[in-house]
1. Looking at (1) modelled with pLDDT of 80 or more; (2) assigned to a helix (DSSP H, G or I), which is the only condition ALA12 fails?
2. Examine region 47-60 for a residue that is of a type outside the set (Ser, Thr, Tyr) and within 17 Å of the chain's Cα centre (by Cα), and state whether such a residue exists.
3. Only one of (1) at pLDDT 75 or above; (2) open to solvent by less than 80 Å² (accessible area, probe 1.4 Å); (3) touching a helix residue (DSSP H, G or I) at 6+ places or on another chain (Cβ under 7 Å) fails for SER121. Which number is that?
4. Identify the residue in region 109-118 that is touching a residue at least 24 places away in the same chain (Cβ under 8 Å) and open to solvent by 40 Å² or more (accessible area, probe 1.4 Å) and, among all such residues, is nearest to the chain's Cα centre (by Cα).
5. Output the residue which, of all residues in region 124-152 that are in a loop (DSSP other than H, G, I, E, B) and surrounded by 15 or more Cβ atoms within 10 Å (Cβ to Cβ), is modelled with the lowest pLDDT.
Amino acid sequence: MLKQISLASALALMAGSASASPELAELWGAKAAALAGDSAPLLDTARQGRMPALDDTYVIEVERFAFNATRLGDWTRQAGAPPAIGCSFLSLGEETEIQLEALEGARSARASADALDGLLSLFADARTLSAAAAWSARHAGDEPVTLSQPAPCPEQPLRIDRVAVY
């Protein structure tokens, strides 16, 4: 039920990929840092063998984070950024949803810890990716932007630390 409500809220707030920008990419990276800070105590609890208590605000913020990754992926792919950046945003958003579902469905502290470890790794990647996307968008002004349909993402996008910004 909570996912349906938050999905409806996210769709109502969605202004399309045209509202994405280098600034949104940077804010998204800052949000990743904040969510990492929120996740650390939950991970500590799980590592102590207790189930972490997930509050609605945390879950909604992680869902919003994943949703904005998709928006940023669409925007970067349409704005002429290197394709690997857009695909990485899309992949990161999908993986965040998977890890959040695993966290919400966890039946043991160990399963919770595994999902939280995954989320923390994604949040770290997000900070790197947001900086690369913002830089790329700000330095692509002299290159023409194509409005054609971007190429599909590969099954396994490049690792974040292997994305080259040119």
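The values are calculated or read from the model by the stated rules, or taken from the named source; none is laboratory data. Quantities reported herein were computed from a predicted structural model and do not represent experimental measurements. Cβ atoms come from the backbone with ideal geometry, glycine included; neighbour counts cover every protein chain shown. When the accessible area is computed, the model is the full protein with side chains, heavy atoms only, and any ligands, DNA or RNA have been set aside. Shrake-Rupley method; radii C 1.70, N 1.55, O 1.52, S 1.80 Å.
1. With (1) modelled with pLDDT of 80 or more; (2) assigned to a helix (DSSP H, G or I) applied to ALA12, the lone miss is (1).
2. yes
3. The number of the failed condition is (3).
4. ASP117
5. Residue satisfying both the conditions and the ranking: PRO150.
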